[in-house]
Amino acid sequence: MTSHPALPPDVATLGDHERHARRVLDDATWAYLFGAAADELTFARNIDAWRALELLPRVLKPLAGGHTRIELLGRTLAHPILVAPMAHQRLAHPDGEHATALAAAALGAGLVFSTQASVPLDEIAARFLPEPGRGPLWFQLYLQPDRGFTAELVQRAEAAGFEALVLTVDAPVQGARDSERRSGFRLPAGIGAVNLTGLRQPPPRTLAAGQSALFDDLLTHAPAWDDVAWLRSITRLPVLIKGVLHPDDARQAVACGASGLIVSNHGGRTLDTAITTANALPRIAQAVQGDLPLLVDGGIRRGTDVLKAIGLGASAVLVGRPVLHGLATSGATGVAHVLRLLRDELEIAMALTGCRTLAEASTALAPPPR
Ligand SMILES: Cc1cc2nc3c(=O)[nH]c(=O)nc-3n(C[C@H](O)[C@H](O)[C@H](O)COP(=O)(O)O)c2cc1C
């Protein structure tokens, strides 16, 4: 690990971390890490949708002994904030996923480690798991066309000590990330998906006239609901599904034996103008009726957003880009500060809405205006 640069003095919010990160990263790296699909409307609307929800303050309630603890997959967690899986974190800072893991463990935040991480999965498990007070450690999985390789990857994650699998299902094809293409971004030498070393992609098919490279080649390898059953059959770990927005898909995930759902639009990086997660979450909560835990990500930038998400039916939230802003600004120190700010803001929001525990979070939401 490199040394941990001190925080700049004027950083008081996640937005301040973003401003500093913009200064230290070049344009192409910025476009890859922080860009979104097409006109980036879903990306922006995710943030706006949480902001638009109003809270209803309560006064003079006894709040002593309150806390942010939650129960998730059989464990008690100090608070409901996890780090979202994000690829290639060494682009943001030389310490990459190591710094993120160190900070998340110190702050009791769960960590979801990406299939496309830029450091070996066993190094992160070895760093994270021994930390006292740590949150859960989950492995995010993209099913590869080579199912044999995928099974070995799952076994490696299991052997390293990862505690659940998060199967991401909303990116069978990459979104049209125009700002990234425009920037000419290329992964620099020395940064890559090291846990996929040795993976062979199927050779491209020869297409007949009129056939589509997407539908008649790439998507012939795409995962389907059957693959969830297959994945469950090869692992003893709980399987959560990430990237669900439709209530019918949520019900199907329950029927397939998923242990949890992450309501997510990939932070607006796949389908632009997709529904915001703040809007999708209550519909999904209603569809699954508590049959499995729901988590949500996309646009969470304030502790008030966390409280609103829990109030709408989530058990916990994942935070994406702000973690990378903190990482770029000040390595592990920056990530720790981002997570600390969110938790502190959550406590303040709970206190001012009269919630001693997160079980009361639904009472914090103001009714929609008539
Ligand atoms: C740079 C970057 C890389 C990402 N890589 C992955 C990934 O490898 N797997 C995955 O499931 N989601 C990935 N995501 C999506 C995040 O897990 C998460 O859904 C999203 O960032 C949440 O929105 P937010 O950034 O507004 O918090 C990535 C997001 C970013 C910004």
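The values are calculated or read from the model by the stated rules, or taken from the named source; none is laboratory data. Keep in mind it's a predicted model, so treat the numbers as computed, not measured. Glycine gets a Cβ as well: all are built from the backbone with ideal geometry, and neighbour counts include every protein chain shown. Each accessible area value is taken on the protein alone, full model and side chains, heavy atoms only, with ligands, DNA and RNA left out. Shrake-Rupley method; radii C 1.70, N 1.55, O 1.52, S 1.80 Å.
Failed condition for Thr42, given (1) more than 16 Å from the ligand (Cβ to nearest atom); (2) of a type in the set (Val, Ile, Thr); (3) not in a loop (DSSP other than H, G, I, E, B), with all others met?
(1)
Within segment 217-250, take every residue that is of a type in the set (Val, Ile, Thr) and open to solvent by 30 Å² or more (accessible area, probe 1.4 Å) and give me the one that is farthest from Ala280 (Cα to Cα). Please lay out each step first, then the result.
Going residue by residue through segment 217-250, those that are of a type in the set (Val, Ile, Thr) are 220, 228, 234-235, 239, 241, 244.
Checking the rest, the ones that are also open to solvent by 30 Å² or more (accessible area, probe 1.4 Å) come to 220, 234.
Details: Thr220: 28, Ile234: 31 Å.
Top of the filtered list is Ile234.
Within segment 92-100, is even one residue among the hydroxyl-bearing types (Ser, Thr, Tyr), outside any loop (DSSP other than H, G, I, E, B) and within 16 Å of the ligand (Cβ to nearest atom)? Show your work before the answer.
Taking segment 92-100 first, the residues among the hydroxyl-bearing types (Ser, Thr, Tyr) are 100.
After this cut, where a residue has to be outside any loop (DSSP other than H, G, I, E, B) as well, the list is 100.
From the residues that got through so far, the ones that are within 16 Å of the ligand (Cβ to nearest atom) too are 100.
Yes: segment 92-100 contains one or more residues that are among the hydroxyl-bearing types (Ser, Thr, Tyr), outside any loop (DSSP other than H, G, I, E, B) and within 16 Å of the ligand (Cβ to nearest atom).
Looking at segment 1-24, which of its residues are open to solvent by less than 20 Å² (accessible area, probe 1.4 Å) and part of a loop (DSSP other than H, G, I, E, B)?
Passing the criteria: only Val11.
Pairs under 7 Å by beta carbon, first residue within 20 Å of Ile191 (Cα to Cα) and open to solvent by 10 Å² or more (accessible area, probe 1.4 Å) in segment 72-91, partner near the ligand (Cβ under 8 Å from one of its atoms) and of a type in the set (Phe, Trp, Tyr), six or more apart or different chains?
Note: pairs meeting the criteria are Leu91/Tyr32.
Determine whether segment 200-216 contains at least one residue that is open to solvent by 60 Å² or more (accessible area, probe 1.4 Å) and closer than 25 Å to Leu318 by Cβ.
no
Just to be sure I understand, how many residues within segment 251-268 are open to solvent by 30 Å² or more (accessible area, probe 1.4 Å) and either within 13 Å of the ligand (Cβ to nearest atom) or touching a residue at least 40 places away in the same chain (Cβ under 8 Å) (or both)?
So the answer is 2.
Can you pull out the residues in segment 269-312 that are away from the ligand (no atom under 15 Å from the Cβ), touching a Pro at 6+ places or on another chain (Cβ under 9 Å), farther than 20 Å from Cys256 by Cα and free of Cβ contacts under 8 Å to residues at least 40 places away in the same chain?
Hits for segment 269-312: nothing passes.
Taking the criterion of being farther than 16 Å from Ala78 by Cα and away from the ligand (no atom under 14 Å from the Cβ), would at least one residue in segment 103-118 satisfy it? Before you say what the answer is, go through the steps one by one.
Initial filter on segment 103-118 (farther than 16 Å from Ala78 by Cα): 112-118.
Narrowing the set further to residues that are away from the ligand (no atom under 14 Å from the Cβ) leaves none.
The answer is no, given that none of the residues of segment 103-118 is farther than 16 Å from Ala78 by Cα and away from the ligand (no atom under 14 Å from the Cβ).
Residue check, Pro85 against (1) farther than 25 Å from Gly192 by Cβ; (2) of a type outside the set (A, V, I, L, M, F, W, C); (3) within 16 Å of the ligand (Cβ to nearest atom), all met but one. Which one?
That leaves (1) as the condition not met.
What's the total number of residues in segment 106-119 that are buried (at least 24 other Cβ atoms within 10 Å of the Cβ) and assigned to a helix (DSSP H, G or I)?
0
Among (1) within 15 Å of the ligand (Cβ to nearest atom); (2) at positive phi, which single condition is Gly161 missing?
Of (1) within 15 Å of the ligand (Cβ to nearest atom); (2) at positive phi, only one is false for Gly161: (1).
Suppose we keep only residues that are buried (at least 24 other Cβ atoms within 10 Å of the Cβ) and small (Gly, Ala, Ser) within segment 275-310. Which one would you say is nearest to Arg356 (Cα to Cα)?
Checking each candidate, the answer is Ala309.
In the set Gly190, Gly135, which member is loosely packed, with under 12 Cβ neighbours inside 10 Å and either among the small types (Gly, Ala, Ser) or over 21 Å from the mean Cα position of the chain (by Cα) (or both)?
On the way: Gly135 fails: loosely packed, with under 12 Cβ neighbours inside 10 Å.
Checking each option against the conditions leaves just Gly190.
Which residues, counting only those in segment 342-370, are buried (at least 21 other Cβ atoms within 10 Å of the Cβ) and either touching a residue at least 60 places away in the same chain (Cβ under 8 Å) or of a type in the set (Lys, Arg) (or both)? First the steps, then the outcome.
To start, the set of residues in segment 342-370 that are buried (at least 21 other Cβ atoms within 10 Å of the Cβ) comprises 342, 346, 349-350, 353, 355, 358, 361, 364.
Listed by number, the residues that qualify are Leu342, Leu346, Ala349, Met350, Thr353, Cys355, Leu358, Ala364.
Within the group Ala126, Ala104, Ala99, Ala84, which residue is farther than 20 Å from Gly334 by Cβ and of a type in the set (A, V, I, L, M)? Even if it seems obvious, please write down each step before you answer.
On the way: Ala104 fails: farther than 20 Å from Gly334 by Cβ; Ala99 fails: farther than 20 Å from Gly334 by Cβ; Ala84 fails: farther than 20 Å from Gly334 by Cβ.
Of Ala126, Ala104, Ala99, Ala84, the one residue that is farther than 20 Å from Gly334 by Cβ and of a type in the set (A, V, I, L, M) is Ala126.
Step by step: first the residues of segment 19-39, then only those that are under 15 Å from Pro322 (Cα atoms), in contact (Cβ under 8 Å) with a residue 24 or more places away in the chain and away from the ligand (no atom under 11 Å from the Cβ), then the one that is nearest to the chain's Cα centre (by Cα). Which residue is that?
Ala21
So is Arg58 within 15 Å of the ligand (Cβ to nearest atom) and more than 29 Å from Pro203 (Cβ to Cβ) or not?
Judged against the criteria, Arg58 is not a match.
Looking only at segment 136-145, count how many residues are more than 16 Å from the ligand (Cβ to nearest atom) and modelled with pLDDT of 95 or more. Reasoning before the result, please.
Step one: list which residues in segment 136-145 are more than 16 Å from the ligand (Cβ to nearest atom), which gives 145.
Now narrow it down to the ones that are modelled with pLDDT of 95 or more: none.
Summing the residues that are more than 16 Å from the ligand (Cβ to nearest atom) and modelled with pLDDT of 95 or more in segment 136-145 gives 0.
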